Amino acid sequence: MKFLRDLDLRGKRVLIRADLNVPLDDNLQVTDANRIKEFLPTLELILNAGGKPIVMSHFGDPGGKVEPTLSLKPVAAKMKELLNREVTLAPDCIGSEVEKLAHSLADGAVLLLENLRFHKGESKNDPEFAAQLARLGEVFVGDAFATAHRAHASMVGVPQRFQEKAAGLLMQRELEYFNRAMHEPKRPLCVILGGAKISSKLAALINISDKADKIIIGGAMANTFLAAQGIQMGRSLYEPELQSKVLELVESLRKRGCHLYLPVDFIVGPALNSVGQARAVPAQEIPSDMMALDIGPATTMLYKEAVESAETILWNGPMGAFENEEYAKGTFGMIEALTSAKGLTVVGGGDTDAAIHHMHVADKFDYISTGGGAFLALLEGKTLPGIGALE
Ligand code: 3PG
């Protein structure tokens with residue numbers, strides 16, 4: 001795979017796939033510009049090298065038709081503000097008018113194409129749609145790590161049409177940190193997995209089970225482990241159909257000498273949105289009418305000690321239902337533990353990222369991925385189509 005610095009960009013139209021899929025509030029204002037900020041170094045390098053950047057991205061999922069609330073207009077405004085340069089939003093992402101804008105782009109200006117998913121051809125990886133996009137540029141730069149798990153036209157069909165192509169700086173950084181954590185880790189390697197459902201993380205668990213030295217489990221997915229070991233989980237969420245798989249996994253981790261950490265206590269409550277009824281109980285004493293909604297204080301302390309001695313820590317998924325502050329202490333406790341850990345800290349996944357930003361400690365982590373689904377797909381050991389197409 002080539003990287004941005006390997007390309008000769010002077011005077012060339014550079015077609016860039018970025019992931020500018022950022023959250024908006026009800027007034028269509030960007031509420032978290034992180035993905036835009038993380039993309040700017042790529043854009044600045046291209047501009048400084050004399051390239052003419054034509055940026056494309058999806059935004060939400062309008063399902064192949066024009067949906068005005070999913071226009072990239074607010075993103076164009078944010079980019080302009082952060083970049084301090086003119087950013088023109090094209091009326092569409094393909095067509096003769098867009099081609100004219102791309103060919104007449106002035107030095108130092110940026111063209112942002114309208115939402116790729118306004119066309120059905122994007123998610124279908126339609127060859128004709130890909131060919132129309134590809135006509136806009138002379139070289140291609142893939143920087144949309146957070147979309148790399150989607151085999152869409154702009155991610156696969158377009159780069160396949162280019163001889164001259166490279167990974168952008170964000171894509172490069174994402175892959176470097178992931179490799180440092182998972183493929184060449186300083187040991188012990190501690191992987192923390194949380195989130196609601198073990199079914200959505202099982203493939204990742206199996207993949208990391210022969211790499212990690214310690215695995216820490218939190219969130220409702222821990223419930224299935226405990227239920228499989230005969231613990232009564234009350235009204236907690238768990239997945240009975242996966243209990244035998246979980247027991248197999250526990251056995252294989254034991255044989256390999258990988259330490260598995262499960263909650264020893266929980267914060268329970270009657271419902272996700274309940275207020276004033278949360279309390280800590282030992283894992284063996286979950287009342288039959290209660291749900292486990294966060295790891296308890298003893299578990300938080302145990303997990304903190306487990307991460308302290310790790311040289312590499314990779315984390316995906318919260319420890320509890322942290323959107324309700326009564327069930328947030330476990331997740332926030334882990335964040336605190338990682339901010340003072342001596343090991344390399346690499347975090348991925350939208351919820352974990354949101355919790356870290358909520359605590360304003362993002363700068364205390366070595367790397368926070370911009371990817372959710374893409375990060376998980378890497379954890380599963382998959383080759384991502386959007387990365388394969390750059391090779
Ligand atoms: C994300 O937000 O995870 C990426 O932008 C991918 O979005 P998608 O899940 O709609 O494909």
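Table for the structure above
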quantity	calculated
Lone qualifier among Leu70, Leu83 - being under 19 Å from Thr31 (Cα atoms) and in contact with a Gly (Cβ under 6 Å, 6 or more places away or on another chain)	Leu70
Condition check for Ile231: in the same structural domain as Glu323 (by TED's automatic domain parsing), of a type outside the set (Lys, Arg) and under 25 Å from Pro188 (Cα atoms)	no
Options Gly95, Gly108, Gly63, Gly50; residue that is surrounded by fewer than 21 Cβ atoms within 10 Å (Cβ to Cβ) and within 14 Å of the ligand (Cβ to nearest atom)	Gly63
Qualifying positions in the range 358-390 - touching a strand residue (DSSP E or B) at 6+ places or on another chain (Cβ under 9 Å) and part of a loop (DSSP other than H, G, I, E, B)	Phe365, Asp366, Ser369, Thr370, Gly371, Gly372, Ala389, Leu390
Selected residue (only one of Ala355, Ala306 is in contact (Cβ under 8 Å) with a residue 24 or more places away in the chain, in a helix (DSSP H, G or I) and under 23 Å from Arg187 (Cα atoms))	Ala306
Candidates Gln229, Gln277, filtered to the one that is without any contact (Cβ under 8 Å) to a residue 60 or more places away in the chain and over 24 Å from Glu325 (Cβ atoms)	Gln229
Of all residues in the range 1-47 being in contact (Cβ under 8 Å) with a residue 60 or more places away in the chain and β-branched (Val, Ile, Thr), the one that is nearest to Glu122 (Cα to Cα)	Ile16
Check on Lys329, assigned by TED's automatic domain parsing to the domain that holds His360 and either out of contact with any Phe, Trp or Tyr (no Cβ under 9 Å at 6 or more places or on another chain) or modelled with pLDDT under 95 (or both)	no
Residue in the range 212-228 that is within 16 Å of the ligand (Cβ to nearest atom), polar (S, T, N, Q) and at pLDDT 95 or above present	no
Number of positions in the range 234-273 that are under 22 Å from Asp210 (Cα atoms) and either assigned to a strand (DSSP E or B) or outside the structural domain of Asp289 (by TED's automatic domain parsing) (or both)	3
Members of the range 362-391 found to be aromatic (Phe, Trp, Tyr) and within 14 Å of the ligand (Cβ to nearest atom), listed by number	Phe375
Answer from Ile286, Ile267, Ile198, Ile206 - the residue that is under 23 Å from the mean Cα position of the chain (by Cα) and either hydroxyl-bearing (Ser, Thr, Tyr) or surrounded by 19 or more Cβ atoms within 10 Å (Cβ to Cβ) (or both)	Ile198
Test: residue in the range 151-165 that is surrounded by 22 or more Cβ atoms within 10 Å (Cβ to Cβ), closer than 23 Å to Gly343 by Cβ, within 20 Å of the chain's Cα centre (by Cα) and within 16 Å of the ligand (Cβ to nearest atom)	no
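Results for (1) modelled with pLDDT under 95; (2) in contact with a strand residue (DSSP E or B) (Cβ under 8 Å, 6 or more places away or on another chain); (3) under 27 Å from Pro62 (Cβ atoms); (4) not aliphatic (A, V, I, L, M), shown as yes or no for each residue.
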residue	(1), (2), (3), (4)
Ala102	no, yes, yes, no
Phe118	no, no, yes, yes
Gly121	no, no, yes, yes
Gln132	no, no, yes, yes
Phe140	no, yes, yes, yes
Ala146	no, no, yes, no
His149	no, no, yes, yes
Phe162	no, yes, yes, yes
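The values are calculated or read from the model by the stated rules, or taken from the named source; none is laboratory data. No experiment lies behind these values; they were computed from the predicted model shown. Every residue, glycine among them, receives a Cβ derived from its backbone with ideal geometry; neighbour counts consider all protein chains shown.
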